[in-house]
């Protein structure tokens, strides 16, 4: 059966009389974090051990000119929606700019609406409060850490990469073992359950590894004894991912569903640590507008669709293409009100097709600021050229390392690519002011816990628990310390609200003015965030500040774990910025819990 015929029949079976066909195609989508194109043996790395992903690549259609964003949250937003990152409101990894706008429809929602079981495992990093959590965006089984990585501020307190605790469908549960193993084990249990119940599924497995801090089981570090500790841990984390990919593929075979399962492996941005060893000839790494920052591997295996042999696709592709591609392959319908920025590349992935692919431009940019700046960290790409930051031009076909700037030699190419970017920017710019707001008072999330990770401010907030522990209080000698950040919140119903200020999260059990001992380290090449001693702040008062007005002030009693205020709030948008008064001035309350009392 040809892949096109199968897609047509599947589409009919999926939606005739609104009934999901038993033959629906499953999807397993694996994405690692901070692993670049060159961090695989099958792409030329001479040191790393990735036999299972290499085997997958040898049985898959691979994209060799596939691009994402140079950092993690933006890539995830594009990958899950088919929209440019800046359109989704996600152009940073912190400061409230990592939350996926509520009007976006995710691939999880699309597959769930089509009757699929949908599971999300590992790293979400698109919002930790309603309406931004994965369980709010179409995923019915969720097992994840908080924020952008284990030990970051929204994560469970004192988490490290081993024997942590995670959010399982919104509740904190303990776990044993290395984080990547835990996430794959949970995904495998979900896959097994769906297969045994003969229910089609979409399993999104997004590891936080090999993102730093660099921790991994010692046996994997021992595989790279001749390398530095950092490389040994980084490569060890990748080899551990590889082992888990192998286990999941074996499970799918044993369950008898391999033929009808699309299996994808990819990564979220360029390498964070591996470029010094091997970078496939590319310039730079994570965060860069050069290809090393955003060109990543992508392999798709689907035996029933005729995709089970090595097939290289060298056409220019982008993360925004993945959702429309998966919809076409599975027959899941696109929502009527959704218009993708990407296009389906199903025909390119089909080895049986000889496709005349049209010339196109795509864009990758890395803002990493509170509000987008035109041309910042940008790459406008065509099959032949890369325009970097609107100024540098490279012919990638003869200069893949992007060493020879030929902008002066080809002003007409620069002009054409700048014109495309200008139109792209002008279309998206009106959406930049649509701040993602955390909902207060919504029945689906009556108790809301906010963390400093999402403070909106000009400078980086305390985005990991090491910073929370340190409680940095540096300030100009002539001035008192002033809290400049706020949470953007949206009160959805009039009523009384209890707003509780904490210096430490609730699960820590610590009082506001307590100091905490350093926690234990875990195996690897880095110090866990919890090894930073917890500094006492000696707060005297707590202040409830909303929209730059101090509404109430209370003393911090000895031994108090929180200071709570009750206030009336009307429906609408607010800037919530409560603080603790300390000898140096004021310090934002790192953790605030808001509870509707009506």
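Laboratory data are not the source of any read-out in this text; all were calculated from the coordinates shown. Quantities reported herein were computed from a predicted structural model and do not represent experimental measurements. Note that we place each Cβ from the backbone using ideal geometry, even for glycine, and neighbour counts take in every protein chain shown.
Taking other Cβ atoms within 10 Å as a rough exposure proxy, 501, 80, 428 sort from fewest to most as 428, 501, 80.
What is the range 189-332 by shape, rounded, prolate or oblate, if you read a ≥ b ≥ c off the alpha carbon gyration tensor as root eigenvalues and call it rounded for a/c under 1.5, prolate for a/b larger than b/c, and oblate otherwise? It comes out oblate by the Cα gyration axes. Against the chain, whose longest principal axis comes from its Cα atoms, helix 179-196 is set at around 60 degrees. For the range 76-224, just say rounded, prolate or oblate: build the C-alpha gyration tensor, square-root its eigenvalues into a ≥ b ≥ c, call rounded for a/c under 1.5, and beyond that prolate if a/b exceeds b/c, oblate if not. Oblate shape, in that a/c is at least 1.5 and b/c is the bigger or equal ratio.
Compute the distance from the alpha-carbon center of the range 327-382 to that of the range 211-245, in whole Å. About 32 Å separates the Cα centre of the range 327-382 from the one of the range 211-245. Available extension along the chain between residue 370 and residue 168 is 69.7 nm, counting 0.36 nm per residue and deducting the alpha carbon span. Using a ≥ b ≥ c from the Cα gyration tensor of the range 144-265 (square roots of the eigenvalues), is it rounded, prolate or oblate, where a/c under 1.5 gives rounded and otherwise the larger of a/b and b/c decides, a/b for prolate? Cα axes put the range 144-265 in the oblate bin. The angle between the Cα long axis of helix 229-254 and the main principal axis of the chain comes to about 60°, on a 0 to 90 degree scale.
Relative to the longest principal axis of the Cα atoms of the chain, helix 411-428 runs at roughly 50 degrees. Multiplying the residue separation of residue 384 and residue 193 by 0.36 nm and removing their Cα-Cα distance gives an extension gain of 64.1 nm.
Placing a pseudo-label 7 Å from each Cα along the Cα-to-Cβ vector at residue 570 and residue 482 gives an inter-label distance of 2.8 nm. Here the extension length gained between residue 64 and residue 552 equals 169.9 nm, from 0.36 nm per residue of separation less the Cα-Cα distance.
Distance between the 7 Å Cα→Cβ label points at residue 432 and residue 408: 3.1 nm.
Taking the helices alone, the chain has a mean residue ellipticity at 222 nm of -6500 deg cm²/dmol, built from -39,500 (n - 2.57) per DSSP H run of at least 4 residues and averaged over all its residues. According to the Kirkwood relation over distinct C-alpha pairs, the hydrodynamic radius of the range 362-431 is 12.5 Å.
Each label was represented as a point 7 Å from its Cα along the Cα-to-Cβ direction; for residue 541 and residue 113 these points are 5.1 nm apart. From the alpha carbon centroid of the range 137-178 to that of the range 445-484 is 22 Å. Here the alpha carbons of the range 438-596 define both size measures, Rg and Dmax, at 16.0, 51 Å. Could you tell me the distance between the Cα centroids of the range 518-572 and the range 65-104, to the nearest Å? Between the Cα centres of the range 518-572 and the range 65-104 lies a distance of 29 Å. Normalised radius of gyration (Cα atoms, divided by 2.2 N^0.38 Å) for the chain: 0.97. Normalised by the number of residues in the range 438-596, the average gap of Cα pairs under 8 Å and 6 or more apart makes the relative contact order 36 percent. Paramagnetic label reach from residue 583 (point 7 Å along Cα→Cβ; backbone nitrogen cut-off under 11 Å): within the range 525-563, residues 537-539. Cβ crowding within 10 Å ranks 295, 545 as 545, 295, fewest other Cβ atoms first. Looking at the chain alone, DSSP beta bridges between its own residues are antiparallel in about 70 percent of cases. Where does the Debye-calculated log10 I(q)/I(0) of the range 46-127 sit at q = 0.14, 0.22, 0.25, 0.27 Å⁻¹, using only Cα point scatterers of equal weight, no solvent? Here log10 of I(q) over I(0) equals -0.64, -1.05, -1.13, -1.19.
Fewest-first ordering of 125, 67 by other beta carbons within 10 Å of each residue's beta carbon gives 67, 125.
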